[in-house]
Amino acid sequence: MKKVLVLSLMMVCSVAFAGDFGIQSTMTQDQFKSLAKEIGLIVTPTPNSPAEPLKTFGFDVAVEAAVININSDEDYWENACDGNDPSSHIAAYRVHAQKGFPFGLDLGLSVTKGGNLGFTAITGEVKYAILKGTVVTPAISVKGSVTKVTGLEDMSVMTGSIGAYISKGFLFLTPYAGIESVAVKASDDSGNDFDDETVASARGIVGLQISPLPLISINLEAAKGTVMQYGLKAGIRF
C-alpha cells in the first residue's frame with residue numbers, strides 16, 4: 001500500500017502543463033462556454049469519502065492528490081494555452097477537513113491548488129446522512145458544496161454542486177458510489193468581452209476507503225463526467 005501511495009504521488013507530481021493558461025483572441029463564445037464547463041469539474045472536489053457520517057465528535061483530516069484527464073485536443077483548450085499546446089492532464093492537490101455533528105450532519109472545508117494550472121479553490125460543504133448505515137444496511141447521504149476559485153487570471157469561476165452517495169463497509173473496506181451535478185458560473189477577465197456563462201454537468205463517482213489501522217484512512221476514487229478524474233487521499237478519520 002505504501003508503494004501505491006508513493007507511485008501515485010510521483011505520477012501526479014510529474015504532470016506538466018505545456019504552456020501557460022491564457023485565453024487567446026482566437027477563442028469563440030461557444031469555446032469559452034465549453035472551457036468553463038470543463039474547468040468547473042476540475043476545480044470542484046470529488047467527495048473522496050464514503051456516505052456514512054462522522055460521529056458527533058468525529059473528524060476527517062486528509063491530504064489528497066488528483067489527476068484529471070482533460071480534452072486537450074479540443075479547440076477550446078488549444079485557445080486557452082499559450083502556444084496552443086496544452087497538456088492532456090491537470091494535477092491538483094487538496095487539504096480537506098470535515099467535522100461531525102449530531103443528527104448525521106457533517107461540515108467540511110477544503111483548499112485545492114492546481115499543480116500545473118495556476119488556481120486556488122476554496123470549498124465549503126454540507127453533508128447529511130439520510131441513512132447512517134448499520135451492519136446489514138448501507139449508508140445514504142446527500143451533500144452540497146460551493147467553490148470559489150482564484151488564480152486564473154483570464155477567468156473568474158465559481159461553482160456549486162449537489163450529490164447523492166451510497167456506501168457499505170465490509171471489515172476494513174468501504175466501497176462507495178455517487179452522482180453529482182456541478183453548476184459553473186464563469187466570467188471573462190481576458191479582455192475579449194465574452195458574455196458570462198452558467199453551465200451544468202453531471203459526473204458519476206466510485207471509490208474505495210481502506211482503513212488498515214485505527215484512525216487511518218486511504219481512499220482511491222474515480223469520477224467520470226466531461227473529464228475523467230482519479231483521486232488519492234490519505235488521512236486521519238474517527
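Output needed for the chain: three equivalent-ellipsoid semi-axes, defined as square roots of 5 times the C-alpha gyration tensor eigenvalues, in descending order, whole Å. Don't skip to the end; give the middle numbers.
Working: eigenvalues 217, 71, 39 Å².
Its equivalent ellipsoid spans semi-axes of 33, 19, 14 Å.
Computed from label points 7 Å out along Cα-Cβ, the spacing between Gln29 and Asp195 is 0.4 nm. With contacts taken as Cα pairs under 8 Å at a separation of at least 6 residues, the chain carries a relative contact order of 22 percent. Helix 29-43 and the long axis of the chain differ in direction by around 30°, with both axes built from C-alpha atoms.
Write out the GluC sites (Glu not before Pro) in the range 57-151 meeting two conditions: DSSP loop, and at most 15 other Cβ atoms within 10 Å of their Cβ.
Working: sites: Glu64, Glu74, Glu78, Glu125; in loops: Glu74.
Here the sparse-neighbourhood loop sites are Glu74.
Distance between the modelled labels on Lys55 and Ser72, one decimal in nanometres: 4.6 nm (7 Å Cα→Cβ projection). Couplings 3J(HN,Hα) for the range 173-189, derived from phi with the Karplus relation 6.51 cos²θ - 1.76 cosθ + 1.60 (θ = phi - 60°), are 10, 9, x, 8, 8, x, 9, 10, 10, 10, 9, 10, 10, 10, 10, 7, 10 Hz, where x marks Gly and Pro.
Please state the charge dipole magnitude for the range 89-207, taken about the Cα centre, from unit charges on C-beta atoms (+1 on K and R, -1 on D and E), reported in debye and rounded to the nearest 20. Walk me through the intermediate numbers first.
On the way: 10 positive and 11 negative charges, 205 e Å.
Computed charge dipole of the range 89-207: roughly 980 debye.
Using the rule -39500 (n - 2.57) for each DSSP H run of four or more residues, divided by the residues of the chain, the 222 nm mean residue ellipticity is -4000 deg cm²/dmol.
Taking Lys and Arg as +1 and Asp and Glu as -1, the other residues whose beta-carbon sits under 15 Å from that of Glu221 total +3.
Taking the Cα centre of the chain as reference, the dipole from Cβ charges on Lys and Arg (+1) and Asp and Glu (-1) amounts to some 1820 debye. Spatially, the range 125-169 and the range 211-238 are offset by 14 Å when compared through their Cα centroids. For the chain, the longest principal axis of the alpha carbon atoms and the long axis of helix 2-14 meet at an angle near 10°.
Karplus-derived 3J(HN,Hα) values for the range 217-228, using 6.51 cos²θ - 1.76 cosθ + 1.60 with θ = phi - 60°, are 10, 10, 10, 10, 8, 9, 9, 10, x, 4, 10, 9 Hz; glycine and proline are entered as x. Taking the Cα centre of the chain as the origin and placing charges on Cβ (Lys, Arg +1; Asp, Glu -1), which of Cys81, Ile39, Phe101 is farthest toward the positive end of the dipole? It is Phe101.
Every number in this text was worked out from the coordinates using simple rules, so none of it is lab data. Here the structure is a predicted model, which is why all the values come from computation and not from measurement. In this analysis, Cβ positions are derived from the backbone assuming ideal geometry, glycine residues included, and neighbour counts consider all displayed protein chains.
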